[in-house]
Every structure is written in C-alpha cells, then in structure tokens.
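A short write-up of the structure that comes next.
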Amino acid sequence: MAVAIAGFIGVLVGALLVTIIFNLRIRYDEQKEKRRRLLEHKVKEIETLLQLNRKISEILQKRVILMDEYVSFDAFDDCYITIDDFAYLQSFAAQNNFYLPNYFLEEFFKKIGTRRVILSPEETVKIGGYTYKGGRVIMENFLDTLTEMVNERKTQMKNLTNEPLTYFSKTL
C-alpha cells in the first residue's frame, strides 16, 4: 500500500512538473512570437517612412529639372508639386496609415495646403501641378521629422533585439 501511495505521489509530482515546464515553454514561445511581430512592425514602419522620405526628396529635387515650367513669381523657398506627385503622397499616406504617424501627416498636408498658390485652371494644366509659397521649407522640415522618426524607430528596434528573452519574465 505504501508503495502504491508513493508511486501515486510520484506520478502527481511528475505531472505537476510537466505542467509547469509546459506552461513556461508556452509563455516563452508567445513572448518570442510577440517580439518577432513587434520587430516586423518596426521594420515595416521604417521601410514606409524611408519610402515617403525618398518620394518627398524626389519632389524637392524636381525643381532643377522643371525650372523652365515654373511660374514667374516662384521664389527660392517656393515648391512645385505635380498633380501626380501630390495624388501619390495622399494615396500613399492613406494606404499606409497603419505604419505612418497620422498626426504628422495631417499637419503636413494642412500646412502645405494653406500655402497653395491659386492659379487659373489653364495655368495649372499648363504647368501640370501646384505651386506652394514657402512650401520648400515645410517639406524640408517634414523630411527632417521623418529622418528623426526613422532613427527613433531604429533605436527602439535595437533595444528590442538586445533585450534577452527568459522563461520567467512575464512582459517583453
């Protein structure tokens, strides 16, 4: 009888140990998966910010190429954005709103929208875009903000990858 009770207690202790270890392993795998998803999200954010940064840089560099088509009142700090580029920026912002900081985009479009020069429809069609008084400064400031965000995301990602995963931690 004593052997049977000892055997039964041994089975219960073994089952308890297996349950505890199994739960620790499940929690570890969940933390690992959560970290992987966070890293993927950070990478996607960085890629999206860099793509937007690249597009805005292209718009700013078009000034030299399209200098002949600029209207005569354009100053150095004015900006010319083609209709296609503006539509691309708005659709890109709408498609990637999960990865982009919406507040900064809304502020950018609000600031740039208030500086648009009103041209006749014929002039707009002739030059194929919109002119923004002082828009170059706004776009350059937005580029700087995007670069800061990219660097911030990179440091967050580096901190996330350098944090060790353990079996006994509850949070990431």
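Here's the list of lysines a cross-link from LYS154 could span, going by alpha-carbon distance under 27 Å and ignoring same-chain residues fewer than 8 apart: LYS32, LYS34, LYS42, LYS44, LYS55, LYS170. Membrane-span-like helices of the chain, defined as complete DSSP H segments with a Cα extent of 24 Å or more along the helix axis and a mean Kyte hydropathy of at least 0.0, are identified as 2-65. Leaving ligands, DNA and RNA out of it, report the carbon-plus-sulfur percent of the accessible area of the chain at a 1.4 Å probe. Looking at the chain in its full context, I get 60 percent from C and S.
Note that the chain presents 66 Å² accessible area per residue, ligands and nucleic acids not counted, probe 1.4 Å. All Cα-Cα distances of the chain, cut into 10 Å bins from zero to the largest, leave 8, 27, 20, 14, 10, 8, 6, 4, 3, 1, 0 percent in each bin in turn.
The values are calculated or read from the model by the stated rules, or taken from the named source; none is laboratory data. If you're wondering where the values come from, they're calculated on a predicted model, not measured in any experiment. The area values use the complete protein model at the heavy-atom level, side chains included, leaving out ligands, DNA and RNA. Shrake-Rupley method; radii C 1.70, N 1.55, O 1.52, S 1.80 Å.
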